[in-house]
Amino acid sequence: MILQFLPGGIMLKHLLSVDDLTGEEVMDLLRSARNMERDWDEPFYENRKVLATFFAEPSTRTRLSFERAMHHLGGRVLTAADASVSSSLAKGESLKDTFRTLGQYCDAIVMRHKDVTWTDHARRYSRVPVINAGNGGGEHPTQALLDLHTIHQELHRVTELAVMICGDLTDGRTAHSLVKLLQKFGNKIYLAPARRVCANGYKYDMLMRCHDDGCIYIDHQDQKEVLKEMDVVYMTRLQKERWEVTTDEIEYLRLDRKLVSTMKQESIILHPLPRQEEIAEEVDDDPRAAYHERQVRNGVFIRAALLEMMLYQRTK
Ligand code: NCD
């Protein structure tokens, strides 16, 4: 959504949800990410733009790849890495006041915070573009973009794919954004949720709270069978830090070498990382396992493409 024009004709546009992007913009970003990778060794233009990365939840890949991308573009970075304890949030400052402050120091903000609703404050109070790097168990749109970019790179298409999304679909924000993004391009999405088994034997599947219209739900006992037909298998970890009750047993699909050997040769396995027990380390050497080097690396290119689009491209 274009909110207003900044001096110099740069548009102020937030990326708080995958809904903020049209299919055309997504394809532009994927193209630009490919060009970023192709021309990575060429010096980029020097510029004086400043990006603030404000992370009030842990991160390795997202924050560092945004910062690396900004360095590549020749810009500067202000970092608040442990903002939940090191910023004035720890003194009770509101998100509204935080956005008002950050906007005085930088040209764009990348934000991660456990409150799902922080994006509403960003839309209302930030005078500079804000990129959502995670709002609790809500969304993580740039992860979905890099996931789609990786799918395109590996399978040469972003449509007519059978994609299985596994694990914690209730609180997994990467899954939420990826479902929405894949739906923009007419793909078949199979949901393979983890299942919690309560002390009294009651079982319930960790289904998505939202965005799952049109997806095909796969019961726990059928997940291994359906896996064999997939083009993309997207694994996610259990988001235990977001659960109130931790005593349940959990049943969920775990990939090991034997199970992966039943998958199609021309399929791929993705994971936003960090990985826990849902993928055995022995799977890492399988050529279909794209999560470590290929998927992670794409985070830098797609984020450089996005920052370039948001900070430097002038409106026509
Ligand atoms: C994910 C996140 O933070 O949502 N990690 C990431 O950004 N690559 C996934 C997760 O924490 O499980």
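The values are calculated or read from the model by the stated rules, or taken from the named source; none is laboratory data. This one's a predicted model, so the numbers in the text were calculated from it and none came from an experiment. Using ideal geometry, Cβ is built from the backbone for each residue, glycine included, and neighbour counts are taken over all protein chains shown. Keep in mind that these areas ignore ligands, DNA and RNA; they rest on the heavy atoms of the full protein, side chains included. Shrake-Rupley method; radii C 1.70, N 1.55, O 1.52, S 1.80 Å.
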Anyone know which of Glu244, Glu229, Glu57 comes out most mobile in the 10 Å Cα GNM of the chain? Glu244
Taking chymotrypsin sites (Phe, Trp or Tyr not before Pro) as exposed when in a DSSP loop with at most 11 other Cβ atoms inside 10 Å, the chain has its longest clean stretch at 203-316
Sequence-separation-based contact order of the chain, relative, with Cα cut under 8 Å and 6+ spacing, percent: 20
Partner lysines whose C-alpha sits under 22 Å from that of Lys180, ignoring same-chain residues fewer than 8 away, are Lys13, Lys114, Lys188
Restricting to bridges with both residues inside the chain, how much of the DSSP beta-bridge set is antiparallel, in percent to the nearest 5? 25
So which GluC sites (Glu not before Pro) in the stretch 24-73 pass both tests, a DSSP loop state and at most 15 other Cβ atoms within 10 Å of the Cβ? Glu46
Leaving ligands, DNA and RNA out of it, report the carbon-plus-sulfur percent of the accessible area of the stretch 210-273 at a 1.4 Å probe. 44
So for the stretch 177-316, averaging the separation of alpha carbon pairs under 8 Å that are six or more residues apart and normalising by length, what relative contact order in percent results? 22
Selected from Ser59, Ser126, Ser86 as most flexible by GNM, with the chain as the system and alpha-carbon contacts under 10 Å: Ser86
Solvent-accessible area per residue for the chain at a 1.4 Å probe radius, Å²? 46
If you plug each phi of the stretch 285-292 into the Karplus form 6.51 cos²θ - 1.76 cosθ + 1.60 with θ = phi - 60°, what whole-Hz ³J(HN,Hα) values come out, in order, with x for Gly and Pro? 7, 5, x, 6, 7, 9, 5, 6
